[in-house]
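As structure tokens, the structure follows; a few thoughts come after it.
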Amino acid sequence: MRLRNTLLAMALVSVSAVADDAKVFALDENQCTPPAASELRGDAGNGQSLHAEHCAACHGASGRSEVVVMHMDETPEDQSDPEYMKTLPDVYLYLAICKGGEGVGKSYVMSPWGDYFSHQEITDMIAWIRSFSGT
């Protein structure tokens, strides 16, 4: 009887752990689902410091990358170019930040940040990135 209770308790813990993993996975999946377009622009001032700390090394402080990043065939596109940036909807930028380069058909070198940045931080960075080109 004691062994049966122990096995039952272990099974319940295992099921609970799988359920918790499923919740984490579901939260991650939902986080990378962009909200309505009207909710995609954040505070550029907040985005500036995040961009400087996490993005500028590859994308440049003003969005104009002037470095060749190891393992990349080419430098990232010029985010200060209004013509180029007009071709990228905010939803694309959201997904690029959240899912990383591979998530939008670009280089695997850009890491997915969806588990690191909150929705608000991603929208703040979109606002800052848009400030480079005035778009």
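Things worth noting here:
- If you go through region 51-103 and keep only what is among the aliphatic types (A, V, I, L, M), more than 11 Å from the chain's Cα centre (by Cα) and more than 18 Å from residue 133 (Cβ to Cβ), you end up with 57, 67, 68, 69, 70, 72.
- Any hit, region 50-73, residues being touching a residue at least 12 places away in the same chain (Cβ under 8 Å) and β-branched (Val, Ile, Thr): yes
No value in this document is a laboratory result; all are computed from the given coordinates. Predicted, not measured: the structure shown is a model, and the values here were computed from it. Cβ sites come from the backbone with ideal geometry, for glycine too, and all protein chains shown count toward neighbours.
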